[in-house]
Amino acid sequence: MQLRRTAQDSNQVALQTVAGETGCAAIGLIAVATGLGLLLDFQFTNLHPVFSVALLILSVPVSMYWTIGRTLRMGRKPPSTDYVRNLALASVAGQAGCVSVVLIFMALFAGIFLDSRLDTHPVFTIGLVLISVPLSLYAMIRLMLSSVGAIKMPAADESPRTPPASSLERADQSHKKENGS
């Protein structure tokens, strides 16, 4: 009898990966990069958030790449290409919220820059942030739905499944069994 991997097993593996050693190391990498960025901001830019935001944005994909690679090398048999693809798509869906934050911060910094150059103190900052909020939410939802929709569920067995019988067919089959015909 061959055991199949169930959804519960997959959820446990995902939880162990995120809450385990690799997930904590990835979060630690992001925290160290952000702290280094804050230190560089304090030393060189008089607390303008140039380095901290840049290092935070750069550390997220680096830590994701490292975590996925580490998870795949955890002493298991080589995973199928569908498994690696699904893992990448799931991490993209998980990072969809970062798109909102990045777009809103870009609008904020662009608004501050334009207001300082054109002497229109809060006009561009408020306008660009107000425009970026619905746009970033739309981008986040589209990215999440497209990546989750592209995930392929693994087949439980290699034989093709037959579609479930309709209620009329089931009633007809039970009627034949009762009559013996």
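The values are calculated or read from the model by the stated rules, or taken from the named source; none is laboratory data. Computed from a predicted structure; not experimentally measured. Positions of Cβ are generated from backbone atoms using ideal geometry, with glycine treated the same way; all protein chains shown enter the neighbour counts.
Here are the numbers for the structure shown:
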{"quantity": "Filter pass, Ser116 being polar (S, T, N, Q), at pLDDT 85 or above and not assigned by TED's automatic domain parsing to the domain that holds Arg142", "calculated": "no"}
{"quantity": "Residue in the stretch 56-69 that is at pLDDT below 80, surrounded by fewer than 14 Cβ atoms within 10 Å (Cβ to Cβ), within 17 Å of the chain's Cα centre (by Cα) and not assigned by TED's automatic domain parsing to the domain that holds Pro134 present", "calculated": "yes"}
{"quantity": "Hey, Val53 touching a Gly at 6+ places or on another chain (Cβ under 9 Å), modelled with pLDDT of 80 or more and either exposed (fewer than 15 other Cβ atoms within 10 Å of the Cβ) or assigned to a helix (DSSP H, G or I) (or both) or not", "calculated": "yes"}
{"quantity": "The stretch 40-55, residues that are over 19 Å from Gln95 (Cα atoms) and either within 20 Å of the chain's Cα centre (by Cα) or among the aliphatic types (A, V, I, L, M) (or both)", "calculated": "Leu40, Leu47, Val50"}
{"quantity": "Filter pass, Leu15 being surrounded by fewer than 14 Cβ atoms within 10 Å (Cβ to Cβ), of a type in the set (A, V, I, L, M, F, W, C), closer than 23 Å to Met64 by Cβ and at pLDDT below 65", "calculated": "yes"}
